Structures are given as structure tokens and as C-alpha cells.
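See structure below.
The values are calculated or read from the model by the stated rules, or taken from the named source; none is laboratory data. Predicted model only: the values in this text are computed from it and were never measured. A quick note on method: Cβ atoms are made from the backbone with ideal geometry, for glycine too, and the neighbour counts reach across all protein chains shown. For accessibility, only protein heavy atoms count, side chains too; no ligands or nucleic acids. Shrake-Rupley method; radii C 1.70, N 1.55, O 1.52, S 1.80 Å.
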Amino acid sequence: MGQLVRVARIQLVNAFAVLALPVLILLMVLLFNIGIAYLVTDLGGDDQMSTGALAALYITMLISHIQTMTQMFPFAVGLSVTRRAFFGATALVVMGQALAYGILLTLLKYVESATNGWGFDLTFFALPFLSQDNAVLQVLVYAAPLMLLSFFGVWLGIVFKRWGQYGVWALGIGLSAILVGLLFLIHSQNWWGAVGRFFTEHSALALLAGYPALLALLFAGAGYLTTRRAVP
């Protein structure tokens, strides 16, 4: 564990880009939406305003951890850090960051509720499909998708280091083909009803925390296996 912590510090050399920039982007997007809500209210609108702009944080995390592998991986290996140690440290950073941001988002959700949507009936964090009554479960609902996208970004970054731009294109085309194939299979077998029941019969906690956590483990495993043969 001590070695992983030391290697994790290498990844946090540029702490602003890794830790602060996603939060800064989130706050900027929040302020922008509060401004829009103010204008709507000032123009006489009285309807509640909901926004999906929270996705900006998740997209930022994806991009940030692509850069972890394309920029920090060669640097760390050049310092004689093993691939195994680097990936272990990366996993430590990803899980810690996802948990920290999950706690932050939960706190901001409570602030949003206490201030009646930042004073303008704006729903930014307390989206109905994300909301949980238990604070711990709320943190997990926010954190698990963050962890999923982070590990996916790590995998994309290491695919680029292993196979270059053509490898990323091949991965994108392959994943798209799998998705199209699944949709075709569902349609041809008339499984749409079963798909609908899957989403309605499972709890939001399972859909937004349980399954994303399992997919995150899958991408983490794929990233680890790819990292072992990646060229810095």
C-alpha cells in the first residue's frame, strides 16, 4: 500500500488538473444554470427548471483519466515505476476521487434542497431518478457512475498507448457494433417488454450504483490487462 500511495503522488503532481479542474467546471456549469434560472424567473416564468448539466462532471472525469494514461503513464514508467504499481495507484486515485466527489455532490444536493433550488427552484443535483433518502446510498449513486467513466477513460487511454489512434477507432467501432447487434437482437426477438421490466423492476440503487460498479470492475480488469503490455 505504501508503494501505491507514493506512485499515486506522482499522478497528483498536477493536482489542479486532476482534482480541482473537474470541480471548477462543475461550479461554472452550476453558476451558468443558476443564471439561466434567474433570467427565466425575472421574465415571469414560474415553472420548476431541471437540467442534466451535472453530466459535465462525469464527462470531465472521463477525459481526465484518459490523460492520466496518455501523459502520466509514460512519465511514471520513465521513473522506473512498474506497470502493476502504476495501475494500482491509478485505481486508488480513481476510487478515492469518485468517493470524494460523491460526498461533495451529496452535500450540494442537500444545499440545493435547503435553498429551494438555489433560490430559483432549480433542480441541478436533486434529480428525481438520482435522489435517495439515505445519505450513504446517495453518495454511492453519485460515485459509482463516476468510477465507471473514470475506469473507462483509463482503458481508452491505455488502448491509445498500446495500439495508437487506430486502436481507439477499432475499439469505438467494435463497441458500437456490439451495441447495434444487441439492439437488433432485442428487436428481432421482441424482447423490448423484458428490457422495460428490467428497468422498472430494479431499484434506482441497483441501476445507478450496483451495475455501474460491476461495469467499473470490468473496465478496470480490461485496463489492467492492457497496461501490462502497453508501451510508454
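For the chain, which longest stretch is free of loop sites, where a loop site is one of the trypsin sites (Lys or Arg not before Pro) that DSSP puts outside H, G, I, E and B and that has at most 14 other Cβ atoms within 10 Å?
Values: sites that count: Arg228, Arg229.
Here the longest run is 1-227.
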Dipole magnitude (debye, nearest 20) for the chain, charges at Cβ of Lys, Arg, Asp, Glu: 1480 debye
Quick check on the chain: helices-only [θ] at 222 nm, where DSSP H runs of length 4 and up contribute -39,500 (n - 2.57) each and the sum goes over total residues. Nearest 500, please. -24500 deg cm²/dmol
Residue span Ile63 to Val231: 0.36 nm per residue of separation minus Cα-Cα distance leaves a gain in nm of 58.4 nm
At a 1.4 Å probe radius, carbon and sulfur cover how many percent of the accessible area of the chain? 71 percent
Subtract the Cα-Cα distance of Phe129 and Ala222 from 0.36 nm times their separation in residues, and report this length gain in nm to one decimal. 30.5 nm
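Hey, what's the chain come to in accessible area per residue, 1.4 Å probe, Å²? Spell out each step's value before the answer.
Working: 12880 Å² over 232 residues.
Spelled out: the 1.4 Å probe surface of the chain, per residue, equals 56 Å².
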Given 37 °C, 0.692 mPa s and a Kirkwood radius over Cα pairs, the Stokes-Einstein diffusion coefficient of the chain in µm²/s is 168 µm²/s
Find which of Pro22, Gly96, Gln48 sits farthest along the positive direction of the dipole of the range 1-228, computed with +1 on the beta-carbon of Lys and Arg, -1 on that of Asp and Glu, about the Cα centre. Gly96
Distance (nanometres) between label positions extended 7 Å along Cα→Cβ at Val5 and Thr200: 5.1 nm
What whole number of Å gives the distance from the Cα centroid of the range 114-141 to the Cα centroid of the range 159-232? 28 Å
